[in-house]
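Beneath this line is the structure, given in structure tokens, with notes to follow.
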Amino acid sequence: MGATTWTNPLAAASFAIVLAGELWLLNGVYDWAGLRSDESAQLLQRDRLLVYLAALLVAAGAAGFALTGERGPALAVLATTVAPVLLIMPGPDHVVALYPCLVIVPVGAAMALRTMLAPGTPVTLTSTLTFIVIAVAGGYLLRGLVAAAPVVYSGSEEQAHLMAYGRLVCGLAGAALLSAPILWLLTGHRWLAALSTPFLLVVVAALFDRPDVLGYLGYLTYAITGPMAMGAAIYALFMDG
């Protein structure tokens with residue numbers, strides 16, 4: 001037998017690169033979230049570029065793990081570089097893009113650590129795909145919900161357009177989220193499908209043209225079903241070998 005992965009210098013270097021990249025990525029998203037709406041929408045804004053570079057650094061670490069033969073875990077680490085995708089949609093509530101990253105980044109660091117300390121632990125493609133879907137679509141669902149159900153309702157025409165835009169984003173995010181329970185069912189993971197399906201109820205609440213009661217119901221539903229779906233995805237990522 002060869003040396004275990006944690007004694008492999010390339011694996012150790014890959015872990016260090018991933019950890020540095022994930023921390024750099026989170027710092028970039030945090031700084032970007034604190035910008036004004038007009039600044040955050042600039043594609044070449046400094047903090048955006050920092051996030052892009054950090055994602056490339058994490059991808060380089062994932063490539064290092066792949067070179068050690070850990071292709072499944074490497075793909076899972078690579079999946080945590082989706083954070084820049086969450087920064088595409090501009091708007092006054094862009095700060096909420098930070099919240100999914102608070103989950104994505106630790107998952108990437110933890111996966112890199114496990115890959116170094118427990119080599120040969122498999123990670124399925126299905127679990128990686130569902131993690132990406134729930135992380136990205138769930139992040140956009142929150143963005144859409146905040147726009148569709150504003151906490152302070154002014155009744156202005158501008159806010160009405162923003163609410164309609166938010167409902168559209170929620171609908172598209174819900175269509176993407178539907179693929180997660182379908183993937184689980186197709187691979188025989190019924191209880192994981194059962195945990196991720198209620199997340200779609202947020203879309204139902206957001207699509208109603210009432211920003212008051214149904215809007216707050218949407219936030220409550222997201223607070224309950226969002227962690228359920230993401231928890232199931234993370235569990236599968238680490239345990240469904």
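The values are calculated or read from the model by the stated rules, or taken from the named source; none is laboratory data. Computed from a predicted structure; not experimentally measured. Positions of Cβ are generated from backbone atoms using ideal geometry, with glycine treated the same way; all protein chains shown enter the neighbour counts. Accessible surface is based on the protein model in full, side chains and every heavy atom, while ligands, DNA and RNA are left aside. Shrake-Rupley method; radii C 1.70, N 1.55, O 1.52, S 1.80 Å.
If contacts are Cα pairs under 8 angstrom and at least 6 residues apart, what is the relative contact order of the chain in percent?
Details: 365 pairs, mean separation 46.3, N = 241.
Rounded, it is 19 percent for the chain.
Say each of L43 and V85 gets a label point 7 Å from the Cα, pointing the same way as Cα to Cβ; how far apart are those two points in nm?
1.9
Picking from W24, W32, W191, which is most flexible by a Gaussian network model of the chain using Cα springs under 10 Å?
Comparing W24, W32, W191 in the GNM, the peak value goes to W191.
At a probe radius of 1.4 Å, what is the per-residue accessible area of H94, in Å² to the nearest 10?
Number for this one is 10 Å².
Tell me the net charge near A173. Cut-off is 13 Å between Cβ atoms, A173 excluded, with +1 for each Lys or Arg and -1 for each Asp or Glu. Display every interim value, and only then the final one.
On the way: positive: R143, R167; negative: none.
Surrounding charge for A173 is +2.
Residue separation times 0.36 nm, minus the C-alpha to C-alpha distance between L117 and W191: what's the value? Each step should come with its number before you reach the end.
Numbers: separation 74, 0.36 × 74 = 26.64 nm, distance 2.90 nm.
The span from L117 to W191 would gain 23.7 nm if fully extended.
How much of the accessible area of the chain, probe 1.4 Å, is carbon plus sulfur, in whole percent? Could the numbers behind the result be given before it?
Numbers: 8100 of 11160 Å².
The value for the chain is 73 percent carbon and sulfur by accessible area.
To the nearest 20 debye, what charge dipole does the chain have about its Cα centre, counting +1 at the Cβ of each Lys and Arg and -1 at the Cβ of each Asp and Glu? Don't jump to the answer; show the numbers that get you there.
Details: 9 positive and 12 negative charges, 101 e Å.
The dipole magnitude comes to about 480 debye.
Once every DSSP H run of n ≥ 4 in the chain is given -39500 (n - 2.57) and the sum is divided by its residues, what mean residue ellipticity at 222 nm do you get, rounded to the nearest 500 deg cm²/dmol?
Values: 11 runs with 174 residues, N = 241.
That comes out to -24000 deg cm²/dmol.
Between 0 and 90 degrees, rounded to the nearest ten: what's the tilt of helix 46-67 against the longest Cα principal axis of the chain?
40
Give me the accessible area per residue for the stretch 119-241, probe 1.4 Å, as a whole number in Å². Please list the in-between numbers first.
Values: 5800 Å² over 123 residues.
Value for the stretch 119-241: 47 Å² per residue.
May I ask you to order 42-55, 72-85 by the average number of other C-beta atoms within 10 Å around their residues, highest value first? Mind dumping the intermediate values first?
Values: 42-55: 16.6, 72-85: 24.0.
Most protected by this proxy first, the peptides run 72-85, 42-55.
For the chain, count the residues as N, evaluate 2.2 N^0.38 Å, and divide the Cα radius of gyration by that value, please. Show your work: numbers first, answer last.
On the way: Rg = 18.8 Å, N = 241, 2.2 N^0.38 = 17.7 Å.
Here the Cα radius of gyration is 1.07 times the empirical estimate.
How long is the gain from D31 to A60 if the chain were fully straight, where each residue apart is worth 0.36 nm and the alpha carbon distance is subtracted? Show your work: numbers first, answer last.
On the way: separation 29, 0.36 × 29 = 10.44 nm, distance 2.30 nm.
Taking D31 through A60 to full extension adds about 8.1 nm, to one decimal.
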